[in-house]
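Read through the structure below, which is laid out as structure tokens, and then see the notes.
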Amino acid sequence: MFRYLVRRFLQMIMVFIATTLIVYSLMYLTGGDPIQALAGEKPVTDLQRAQLTVKYGLDQPFLVRYWNYLTDLLHGDFGTTLTGRPIKDILLDAWPVTMQLALIAILVTIIFGVTAGVIAGIRRGSIFDNATLVLTLIVIGIPSVVLAPLAQYLFTIQWKLFPTTASGSPTWYELVLPGVVLGSLSVATAMRLTRASVSENLRADFVRTARSKGMPGRRVIGIHVLRNSLIPIVTFLGVELGSLMAGAIVTESVFNVPGVGFQLSRALKTEDTPLVIGIVSVLVIVFLVANLIVDLLYAVLDPRIRYE
Amino acid sequence: MQVRRLAAWAALPLAVTLGLSACGKSGGSDSGGANPNGVVSIGIAEPKHLIPSNTSETSGSQVLAALFAPLVDFDEANKPFEVAAQEISTTDNKTWTIKLKDGWTFHNGEPVTADSYINAWNYAAYGPNAQDNNYFFDKVEGYKDLNPADAKATPTATTLTGLKKVDDKTFTVTLSAPFSEFKSQLGYTAYYPLPNSAFESVTASPLVIAKAYEDAPVGNGPFKIKGTWQHDAQVEVEKFDGFAGTKPSIGGALFKIYQNSDAEYADLQANNLDVVKQIPTAALSTAQGDLGDRYQTSPASTLQVLAFPTFDKRFAKPEVRKAISMAIDREEIANKVFQGSQKAAYSFVSPVVAGYRDKTCGAACEFNATEAKKLYTENDGPKSINITYNADGGHQEWVDATCNQLKANLGVECVGTPEAKFADLLTKAKAKKEIGMFRMGWVMDYPSMENYLGPLYSTGGSSNYYGYSNPTFDNLLKEGSAAPTQEEAIKKYQQAEDILAQEMPVLPLRFGQNVFGSSTKVKDVHIDLFNRVDLNKIQIVS
């Protein structure tokens, strides 16, 4: 187990360096002119350009800049945005908000998606099964750009059940609606995945054996079916954390939630390269850690899996 | 470098304009008294900076307008009147004496003195500080020493020789050439004063802004900041009791920061936000129905034009340019594509400035398909043309519509050519590459005809991308700048405008306007020419 962990950490470091290098080069090589982007449609005077170029180290060779960026990062320094704000401060403000939102979304996915999936899997062909299948088809078909404004209009403007937008430091109540919207995007997938996995396991040999030994139905489902069905679902939820971040770009904009998606979309809009790279670097770490946790959970769920 | 600011289309997607109908009608109901202690919430985007010399976008200048009082403001006719200044006088348009009112203090109790202005302006003008509004000081004597031509060289001076303190309340500004519109210019954000506490040390040279200042700016205006600037969330200001000028009739303002204008508009619909300064394009078609008389419009300073690269042989003849202009039905595009949120333009200056005359462009801007085709054929106009635009500003629709009109009315081939960014377009125009006609937008820096003419068409003007040059035009502008009275200056500027109408280096298309909405909690909502809510006029319905 320990050796496995060490190996995984070494891999993670290499993946981190490789991904940040790719993002860094993409942003700097194709990102156009960050100084002009800063000025908008205004012309930039030669002097102003020269000052800003030196200030942001744009006159140095690419590899030097990347090396400086990496070493700063090791010291916990994410640099400053093009408007001069420390990126660390922005990340410290934005990440907890997005984590809160992601937590709500994951809970929604688990409570609605997984539960409905289990029920549907057990009662295949029932009215519940068919009804949820149709519902998930509809939800899967609506992208977040449509779902978020629609939910906002219905639940906050028409019926006034929730606040329309979040404040600067959002409360849980303000995040419920965006969280549900975000979570509902993966509810459908989680539900179908669970349903398939459960119904497949119901037909498995070990379930038949357990049943024929006279084990009570509740125990058969709880221990033999569910536990084995969770492996693909956990994998899905781990990967889904990433899609949640992407969905957060839209949802956070619509509900004005000052999280990571909000900052990332603004950074892209204003071509604030240092901020984009700062956010993406942390995103990469989140991805890697989530995947590590998923892999470790496999061993917990299935005793046959052991890491050496 | 001239004073300049190209239309910030990306930031202000569907900007602004129109007729002289002065400000918008008052919003909300007139019943119910006003609550003098209430707080008005106004939607803005995250300001880039909150330092006067570094703030050039509308969100930051909206906040600064609450925290600072300008030397001059503009009346209904957009003529400057003194606010923080007692008197601004000159005999030759070159040396200006500015006398400040007595009894004014900053929010921290520091008196506002001549030094408050001189320090702030020196900081702004010093090249290495790379302030966005640096170029506003280019007419002041000594500017070149602070901004050497070689960008990497250290400037030879740290203060402007043109700024001289006479006594605590008086100072003089000497310009390098006469400029009759300098007083109007003083109304801009760049010219606010700064207290001593804004600097690390006031005796230092060059001056350095204290680190904490930007998060809690101390100004001389009607409101002081409450707490600090909460990035990405809000900036709150409250009435400053020690304010010596006209006191506002509200207790404070909460500037709520939005990243997405649709979210901002949703909050207005839910009555959680009091003012949306620019209704998002997507909501334009329904906003009038949603808001009723809380949907308002007011003139703004934007002007949209189609520019001709005068260096391109195809467009060398003014008759060809006129024919193209006549083939465009401006009204149709303003009403169909922009749903009336912009107005057709028939002049080269905006109706918001003194000296504006309607239809200075004459017959050349009147839609007349038959005449246009005749003129175009007689003068051997090019068989195919293209219009270059920036793809990031929502211009495709009207460019395509314009092209279709040209195709139908002139029988030519016409295509829209997108460039990724406006800067790319300008770089190509500067390099005199073949880009065909191209779009240009202009937002004024100060209300004056000069601002619509000088930077855009004078030889070597800072935003003259068409390569247009006419010595008579240049001379008229110079004479206008040196004219002893504003009336005489306007006469010269109008003569200059008439030259543009004859030669048509650009063809005017549309004037923008502020299209804004308010909640049921406020009334008397006015948005000025700079897309700022007038905090002196707005009231809260109790």
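The values are calculated or read from the model by the stated rules, or taken from the named source; none is laboratory data. Note that this is a predicted model, so its numbers are computed, not measured. Please note: Cβ atoms are built from the backbone with ideal geometry, for glycine as well, and neighbour counts cover all protein chains shown. Surface areas here come from the heavy atoms of the whole protein model, side chains and all, with no ligands, DNA or RNA. Shrake-Rupley method; radii C 1.70, N 1.55, O 1.52, S 1.80 Å.
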- Identify, by number, the condition in (1) more than 14 Å from chain B (Cβ to nearest Cβ); (2) modelled with pLDDT under 90 that A:Leu175 doesn't meet. (2)
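One line per residue, one yes/no per condition, for (1) surrounded by fewer than 22 Cβ atoms within 10 Å (Cβ to Cβ); (2) within 20 Å of the chain's Cα centre (by Cα); (3) in contact (Cβ under 8 Å) with a residue 12 or more places away in the chain; (4) closer than 19 Å to B:Pro447 by Cβ:
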residue	(1), (2), (3), (4)
B:Tyr465	no, yes, yes, no
B:Ala482	yes, no, yes, no
B:Gln495	yes, no, yes, no
B:Pro505	no, no, yes, no
B:Leu509	no, yes, yes, no
B:Asn514	no, yes, yes, yes
B:Gly517	no, no, yes, no
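Rundown of residues vs (1) among the charged types (D, E, K, R); (2) open to solvent by less than 20 Å² (accessible area, probe 1.4 Å), yes/no style:
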{"position": "B:Ser350", "(1), (2)": "no, yes"}
{"position": "B:Asp358", "(1), (2)": "yes, no"}
{"position": "B:Ala363", "(1), (2)": "no, no"}
{"position": "B:Asn368", "(1), (2)": "no, no"}
{"position": "B:Asn390", "(1), (2)": "no, yes"}
{"position": "B:Gln396", "(1), (2)": "no, no"}
- Can you tell me which residue within the range B:49-93, out of those that are touching a helix residue (DSSP H, G or I) at 6+ places or on another chain (Cβ under 8 Å) and among the β-branched types (Val, Ile, Thr), is most open to solvent (accessible area, probe 1.4 Å)? B:Thr90
- Query: Just to be sure, is A:Val220 in contact with a Gly (Cβ under 8 Å, 6 or more places away or on another chain) and either open to solvent by 20 Å² or more (accessible area, probe 1.4 Å) or modelled with pLDDT of 85 or more (or both)?
  - Reply: no
- Tally of residues being surrounded by 21 or more Cβ atoms within 10 Å (Cβ to Cβ) and of a type in the set (D, E, K, R) across the range B:270-290: 2
- Message: I want to confirm something. Restricting to the range B:210-241 and keeping residues that are open to solvent by less than 20 Å² (accessible area, probe 1.4 Å) and assigned to a strand (DSSP E or B), which single residue is farthest from the other protein chains (Cβ to nearest Cβ)?
- Response: B:Phe223
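Quick grid of which residues meet (1) among the polar types (S, T, N, Q); (2) open to solvent by 60 Å² or more (accessible area, probe 1.4 Å); (3) in a helix (DSSP H, G or I); (4) closer than 25 Å to B:Asn271 by Cα:
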site: A:Val145; (1), (2), (3), (4): no, yes, yes, yes
site: A:Pro149; (1), (2), (3), (4): no, no, yes, yes
site: A:Phe162; (1), (2), (3), (4): no, no, no, yes
site: A:Gly168; (1), (2), (3), (4): no, no, no, yes
site: A:Ala188; (1), (2), (3), (4): no, no, yes, no
site: A:Arg192; (1), (2), (3), (4): no, yes, yes, no
site: A:Arg195; (1), (2), (3), (4): no, no, yes, no
site: A:Glu200; (1), (2), (3), (4): no, yes, yes, no
site: A:Ala210; (1), (2), (3), (4): no, no, yes, no
- Are any of the residues in the range A:79-88 under 30 Å from A:Gly183 (Cα atoms) and not polar (S, T, N, Q)? yes
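Residue by residue, here is whether (1) at pLDDT 95 or above; (2) crowded, with 21+ Cβ neighbours inside 10 Å; (3) touching a helix residue (DSSP H, G or I) at 6+ places or on another chain (Cβ under 8 Å) holds:
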site	(1), (2), (3)
B:Tyr126	no, yes, yes
B:Tyr135	no, yes, no
B:Ala153	no, no, no
B:Thr158	no, no, yes
B:Thr161	yes, no, yes
B:Val166	yes, no, yes
- Task: Test B:Ile499 against the criterion of being in contact (Cβ under 8 Å) with a residue 12 or more places away in the chain and surrounded by 23 or more Cβ atoms within 10 Å (Cβ to Cβ), and give yes or no.
- Result: no
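The rows are residues; the columns are (1) modelled with pLDDT of 95 or more; (2) in a helix (DSSP H, G or I); (3) not hydroxyl-bearing (Ser, Thr, Tyr).
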{"residue": "B:Ile435", "(1), (2), (3)": "no, no, yes"}
{"residue": "B:Tyr446", "(1), (2), (3)": "no, no, no"}
{"residue": "B:Gly460", "(1), (2), (3)": "no, no, yes"}
{"residue": "B:Asn464", "(1), (2), (3)": "no, no, yes"}
{"residue": "B:Gly467", "(1), (2), (3)": "no, no, yes"}
{"residue": "B:Gly480", "(1), (2), (3)": "no, yes, yes"}
{"residue": "B:Pro484", "(1), (2), (3)": "no, no, yes"}
{"residue": "B:Ala489", "(1), (2), (3)": "no, yes, yes"}
{"residue": "B:Ala501", "(1), (2), (3)": "no, yes, yes"}
- Message: Any residue that is in a helix (DSSP H, G or I) and away from chain B (no Cβ under 14 Å) - is there at least one of those in the range A:84-99?
- Response: yes
- Across (1) away from chain A (no Cβ under 14 Å); (2) farther than 30 Å from B:Met437 by Cα; (3) among the polar types (S, T, N, Q); (4) open to solvent by 10 Å² or more (accessible area, probe 1.4 Å), B:Ser261 clears everything bar (1)
- Message: Can you confirm whether B:Asp293 is open to solvent by 10 Å² or more (accessible area, probe 1.4 Å), touching a residue at least 24 places away in the same chain (Cβ under 8 Å) and out of contact with any helix residue (DSSP H, G or I) (no Cβ under 8 Å at 6 or more places or on another chain)?
- Response: yes
- Test result for A:Ser253, out of contact with any Asp or Glu (no Cβ under 6 Å at 6 or more places or on another chain), open to solvent by 30 Å² or more (accessible area, probe 1.4 Å) and within 16 Å of A:Leu101 (Cα to Cα): no
- Task: Look at B:Leu453 and say whether it is open to solvent by less than 10 Å² (accessible area, probe 1.4 Å) and out of contact with any strand residue (DSSP E or B) (no Cβ under 9 Å at 6 or more places or on another chain).
- Result: yes
